[in-house]
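Report on one structure; see the data block that follows.
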């Protein structure tokens with residue numbers, strides 16, 4: 001019942017945290033939308049500016065048609081070029097053009113062919129920029145092709161403009177006589193766009209910051225827990241099987257907590273798998289070698305014994321391998337019991353051989369302890385399939401001496417074991 005309650009609670013709490021974690025892509029979407037909205041605002045305001053410029057150009061044409069009926073024409077008078085509208089001279093008459101500029105706040109020019117003959121544009125010295133020439137691109141697009149055109153970056157006297165040009169058509173011949181140009185400084189248009197975009201960005205950023213605050217609180221905890229588990233798993237992969245998983249992980253009552261508890265179980269299984277012999281439960285050879293290295297590094301004195309079950313082959317050959325396994329387990333149990341109250345350990349060295357390490361004892365003390373263990377084995381009855389079997393062991397014992405390598409020490413104990421086998425078995429040879 002407790003497990004079911006924890007599982008249910010874990011599913012609920014982790015589900016909520018998971019939902020909070022999914023806000024991260026929503027924030028990304030918010031940022032994307034911020035740029036999309038900014039682009040949309042820019043596009044919308046540009047189109048609005050285009051419509052405004054187009055409307056002003058139309059208003060200029062209409063105003064001049066009403067004020068001065070007839071077609072545009074020019075006449076050279078020395079170095080001057082005089083612009084006519086019908087029979088009226090319009091060169092130098094700026095009341096109408098300046099009035100439209102004042103109301104629209106846009107720069108207006110009237111071209112005859114490619115030459116600016118009336119304009120509200122002024123140079124750095126305040127002189128009107130008459131007799132200046134439109135760019136070849138504009139002349140080709142508008143005058144020659146007789147097409148209205150928008151331009152987002154027209155340079156006039158070093159200043160960039162957003163401009164609209166419309167051809168002036170003859171009402172009699174249908175030919176293009178010139179152009180009407182209406183321009184708005186790019187900086188002014190950009191300022192308007194930037195102002196609107198900035199307001200939009202501020203709202204978006206505030207929303208993202210508020211959302212990020214809550215995400216940080218929830219996600220921060222989850223990230224910490226995951227990192228603790230990753231660090232723990234890295235320790236296990238580095239063969240640090242004594243590592244401890246932080247209690248904050250296993251105390252959680254959600255899926256992450258369950259994962260942490262499973263990792264602890266995995267650690268126990270790994271330690272048993274790596275350090276222990278599967279059949280006997282004793283330390284295996286690899287683990288024993290590591291433990292001897294640790295004892296050697298500590299500098300304490302110790303003795304090593306190699307024990308071998310006498311006539312073990314007959315258990316396998318006569319009664320079967322299951323009988324041999326029972327004998328191995330019983331021997332392992334007795335050896336482990338014999339070492340329980342002593343400093344050291346016992347390990348399965350291979351096959352029917354066992355390694356016993358006695359720590360902080362001299363050779364005589366180790367021999368006495370080994371004699372007790374040997375006698376306990378001698379007195380033990382092993383039952384298998386309704387039959388009683390007697391099991392004995394022979395031991396070879398050697399003491400660690402300064403300057404003697406570990407492998408030489410074990411070989412010395414093994415030589416003593418061989419000597420004991422040759423001398424009649426069921427004995428301890430030093």
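Quick note: the coordinates plus some simple rules give every number you see, no bench work behind them. All of these numbers come straight from a predicted model, not from anything done at the bench. Cβ: placed from backbone, ideal geometry, glycine included. Neighbour counts: every protein chain shown.
Spin-label point model (7 Å from Cα, Cβ direction): what's the residue 297 to residue 380 distance in nm?
Inter-label distance under the simple model: 3.2 nm.
With each pseudo-label sitting 7 Å past Cα toward Cβ, what's the residue 216-residue 199 distance in nm, one decimal?
2.9 nm
Based on DSSP, what percent of beta bridges with both residues in the chain are antiparallel, to the nearest 5?
If we restrict to bridges inside the chain, about 95 percent are antiparallel.
What is the Cα radius of gyration of segment 280-429 over 2.2 N^0.38 Å, N being its residue count?
1.02
Obtain the nm distance between the two label points defined at residue 29 and residue 133 by a simple spin-label model: each point lies 7 Å from its Cα along the Cα-to-C-beta direction.
Label-label distance for residue 29 and residue 133, simple model: 5.7 nm.
When the chain is fully extended, how far beyond the present Cα-Cα distance does residue 242 get from residue 73, taking 0.36 nm per residue of separation?
Residue separation times 0.36 nm, minus the Cα-Cα distance, leaves 50.8 nm.
More than 43 Å apart: what percent of Cα pairs in the chain qualify? If you can, show how the numbers build up before the last one.
On the way: 53155 of 92235 pairs.
When all Cα pairs of the chain are counted, 58 percent exceed 43 Å.
Can you give the relative contact order of the chain as a percent, counting alpha carbon pairs under 8 Å and 6+ residues apart?
So the answer I get is 12 percent.
Starting from the alpha-carbon convex hull of segment 44-118, give the projected area averaged over all orientations, in nm².
The orientation-averaged projected area of the Cα hull of segment 44-118 comes to 5.5 nm².
Cut-off is 10 Å between beta-carbons; in what order do 168, 130, 202 appear when sorted fewest neighbours first?
Ranking 168, 130, 202 by Cβ neighbours within 10 Å, fewest first, gives 202, 130, 168.
Could you list 335, 356, 230 in order of exposure, starting from the residue whose Cβ has the fewest other Cβ atoms within 10 Å?
The fewest-first ordering by Cβ neighbours comes to 230, 335, 356.
Normalise the Cα radius of gyration of segment 30-192 by 2.2 N^0.38 Å (N = residues in it) and let me know the number.
Scaled against compact globular proteins, the figure is 1.11.
Provide 83, 279, 228 in ascending order of the number of other Cβ atoms located within 10 Å of each residue's Cβ, fewest first. The partial results should precede the final answer.
Values: 83 22, 279 12, 228 19.
By the 10 Å Cβ count, ascending, the order reads 279, 228, 83.
As an exercise, use a Förster radius of 51 Å and the Cβ-Cβ distance of residue 390 and residue 224 to find the FRET efficiency, rounded to the nearest 0.05.
The calculated FRET efficiency here is 0.25.
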